[in-house]
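The values are calculated or read from the model by the stated rules, or taken from the named source; none is laboratory data. Computed from a predicted structure; not experimentally measured. Ideal geometry is used to build each Cβ from the backbone, glycine not excepted, and the neighbour counts take in all protein chains shown. These area figures cover heavy atoms from the full protein model, side chains too; ligands, DNA and RNA do not enter into them. Shrake-Rupley method; radii C 1.70, N 1.55, O 1.52, S 1.80 Å.
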Amino acid sequence: MKLNDSVRYLKGVGPKKEKYLKSMGINNIKDLLLYFPRAYEDQSNIKPIRSLVAEEKQTSLVKFVEILEDRQIRRNLRITKFLVEDSSSSAIVSFFNNRFIKDTIKLNDLYVISGKVSIFNNAIQFTSPDFIEYKKYLGQRHIYPIYNLSKNISNKDISKMIDQVIDKNLFEESLSKGIIDKYKLMDKNESILNIHRPADRKAYIRAKQRLCFEEFLYFNINLLLIKNKNKNAEAYKIGFDEKINDFIESLDFELTQGQKNVLNEIFADLASGKKMNRLIQGDVGSGKTIVAIIAMYLCYLNGYQSSIMAPTEVLAKQHLNSFRQMLEKLGVKVELLVGSTSKKNRDRILNSVEIGEVDILIGTHALLNEDVKFKKLGLNVTDEQHRFGVMQRESFNTKVKNAHSLVMTATPIPRTLSLVLFNDLDISIIDTMPLNRKKITTMAINRLSLNRGLDFIKKEIDKGRQAYIITPLIEENSDLDLNSAIETFDSLRNNTFKNYKLALLHGRMTNQEKDEIMRAFEEGKIDILVSTTVIEVGINVKNASVILVYDAQRFGLAQLHQLRGRVGRGEHKSYCILYNSSNTDLSWKRMKVLEASNDGFYIADKDLELRGSGNVFGKEQSGFLDFKIADITKDLAIFKHAQIEAEKILEEDPDLTKAKNLGLKNKINQIYNESSPKILN
Ligand code: ADP
Ligand code: MG
């Protein structure tokens, strides 16, 4: 068995499963072994019944005492209830539609049961828990991996496949002995074993540390290679022009001090003759777009083209509108290039970009395409950079050698973190909000108050405002979630909001459908936009004054803060209603953070503090950089060590040409350069 062997060679994988696995990115054994669990269920932590808490998955060691109930309630519903006890207390365990359960469970024997706990009529209840005889439990590992799944591949499927290859030591060691010894890291194969089948929590942590280190090492080497290349790179000199002042004066608002400071930094960079590599961090609504517009207008005044890349078509189109509205009357020609641009338009635009007729090109990833050629590109702006990888940013950089680069993000990354993470960039922060911004009033509600929340939306619409209703579609490819968005939409449209104009927006719609809906919403033809989080980044509709988020507890706080930023963008007092459909203390604590603060940085910190609880642990989605296993916010110490080692390696061998570093060079090429130009060759 080799790493490159297809998963087809595994027992239980036929042509169908092979296809499903492929769609999850699992083609060969290596992909499979690198398909790390999303989380773990830890059944090693046995709790006395008396100390169980509601709404969390927990594990207890109990004796099944008697059958309390075993009957057919309805034609397709059978319930079997047991009384169980331990030395601390007793509880009820129910199973549904399992007519054999009463013969399977042996009364008076000890079992370990594990499942979600609820409290009903003052009694502690387990509903359909996992159960295993205590005798068997003793001989097993108690930490179970939970994988990201697709509709046709179950957790068992993956576990069974992994069992066939997990102990074969298929990987070669990829870190040097020096590093392994210095940081006392687990070796590669052992770490792969323990990430899938941790013997205990400690083994898992050590495995994760080792894999994080490796991931961070590659990341840092790559970043340093980029940094070294860009250091002292020359770029066009773009000098200040008095017309910029006229333009700023013509705006219908005054720039904030934060915006002015950032602009001054940008002006100095652009005029320096050295390539600008600057990151602008500014909370949602701090007004980053106008900063980009001014910088790009300056390029135009100097005779250079500029471009801006946005993560979604919806956002790119919104930029097109604001850019045209502000700049076209000044003679600036602005065009849009996105995936859905027709062939005919595309050819025309590409041609006029190449001969220099277009001054500003707005687009999505489509701008990265090889056939986009500029006559004289002075500046590229990347908006909402957290949505792009470092390499996408860099591949554009490589393509347009003498152009300056500006990246903008609303992700509130603590400063200590952004310094290491964006090691290759200078950082500017817009730390002031426009004066006319009013605090968005945020209310977390439970199921009982949902109708009041919906009524509140009606009142706002009756005043002439518009609203967003967000439903979770957390995994893009889960049909279940999509159904919930569509169902919510149908029920709102047919009941509560019968007399209002509603539209639905989700990620599976074609771009054209999305555009039409967004346009109608912007023009006020739709009262309520029911949407998944495709709406999350950047959308700016000033008349929208209320946003309601269903199942708000399922979102990250930073993400909720982003969503909330969709309202309060104009003169109207705005509201955010967070419908928390769960009942855990933790979820209410998290909602409280948003009620109390409008400060993205504060919220991001709190989010970290409150994360993780109960018996499930694993990778948290930090949301702004896609590390496979590492979480930069939690693993910062490892990151720093990896950074030091990366610096050492490159100091000794700046282009990774020495024989001992060839493996490393290949790895980095493989990881980072699959879809972008080779940085190392
Ligand atoms: P973000 O930083 O989240 O990208 P935008 O650039 O979309 O924010 O700006 C949000 C809104 O604020 C826009 O409608 C913009 O015109 C407006 N805006 C920007 N700067 C100011 C300012 N200094 N004063 C008042 N409104 C502003
Ligand atoms: Mg923006």
Residue that is among the β-branched types (Val, Ile, Thr) and more than 16 Å from ligand 2 (Cβ to nearest atom), where the choices are Ile293, Ile244: Ile244
Matching strands (runs of 3 or more DSSP E) fully within the range 57-172 where at least 3 residues are basic (Lys, Arg): 57-74
Members of the range 211-255 that are under 34 Å from the mean Cα position of the chain (by Cα) and of a type in the set (Phe, Trp, Tyr): Phe213, Phe216, Tyr218, Phe219, Phe253
Verdict on Gln259 being buried (at least 18 other Cβ atoms within 10 Å of the Cβ) and outside the structural domain of Leu336 (by TED's automatic domain parsing): no
Residue satisfying all of: in the range 425-441; open to solvent by less than 30 Å² (accessible area, probe 1.4 Å) and within 19 Å of Gln562 (Cα to Cα); farthest from ligand 2 (Cβ to nearest atom) among these: Ile440
So Val53, is it surrounded by 13 or more Cβ atoms within 10 Å (Cβ to Cβ) and more than 25 Å from Trp588 (Cβ to Cβ): no
Unmet criterion (only one of (1) within 16 Å of ligand 1 (Cβ to nearest atom); (2) under 21 Å from Ala552 (Cβ atoms); (3) modelled with pLDDT under 90) for Gln466: (3)
Matching entry among Asn540, Asn598 (being within 15 Å of ligand 2 (Cβ to nearest atom), among the polar types (S, T, N, Q) and assigned to a loop (DSSP other than H, G, I, E, B)): Asn540
Thr416 being within 16 Å of ligand 2 (Cβ to nearest atom), modelled with pLDDT under 90 and not assigned by TED's automatic domain parsing to the domain that holds Glu595: no
Restricting the range 263-289 to residues that are open to solvent by 20 Å² or more (accessible area, probe 1.4 Å) and among the hydrophobic types (A, V, I, L, M, F, W, C), the residue that is farthest from ligand 2 (Cβ to nearest atom): Ala271
Pick from the range 543-556, criterion surrounded by fewer than 24 Cβ atoms within 10 Å (Cβ to Cβ) and in a helix (DSSP H, G or I), ranking: farthest from ligand 2 (Cβ to nearest atom): Gln553
So Gly339, is it of a type in the set (Gly, Ala, Ser), away from ligand 1 (no atom under 16 Å from the Cβ) and closer than 24 Å to Glu522 by Cα: yes
Count of the range 536-586 residues which are touching a helix residue (DSSP H, G or I) at 6+ places or on another chain (Cβ under 8 Å), of a type in the set (Gly, Ala, Ser) and at pLDDT below 90: 5
Helices (runs of 4 or more DSSP H) (entirely within the range 243-325) containing at least 2 residues that are aromatic (Phe, Trp, Tyr): 288-301
Number of the condition not met by Ile124 [criteria: (1) over 39 Å from the mean Cα position of the chain (by Cα); (2) under 13 Å from Val62 (Cβ atoms); (3) buried (at least 16 other Cβ atoms within 10 Å of the Cβ)]: (1)
Test: residue in the range 353-360 that is crowded, with 19+ Cβ neighbours inside 10 Å and either over 22 Å from Phe247 (Cβ atoms) or modelled with pLDDT under 95 (or both): yes
Residues of the range 127-184 classified as among the charged types (D, E, K, R), without any contact (Cβ under 8 Å) to a residue 12 or more places away in the chain and closer than 30 Å to Lys16 by Cβ, total: 2
Test: Thr488 is in contact with a His (Cβ under 7 Å, 6 or more places away or on another chain) and of a type outside the set (Phe, Trp, Tyr): no
Residue in the range 617-636 that is over 30 Å from Thr471 (Cα atoms), among the aromatic types (Phe, Trp, Tyr) and modelled with pLDDT under 90 present: no
Where Leu529 falls short, out of the listed (1) more than 16 Å from ligand 1 (Cβ to nearest atom); (2) modelled with pLDDT of 90 or more; (3) more than 23 Å from Ser322 (Cα to Cα): (3)
Residues (open to solvent by 10 Å² or more (accessible area, probe 1.4 Å) and not basic (Lys, Arg)) located in the range 220-232: Leu224, Leu225, Asn228, Asn230, Asn232
Within the range 282-304, tally of residues that are near ligand 1 (Cβ under 10 Å from one of its atoms), touching a strand residue (DSSP E or B) at 6+ places or on another chain (Cβ under 6 Å) and either at pLDDT 95 or above or under 14 Å from Ile427 (Cβ atoms) (or both): 3
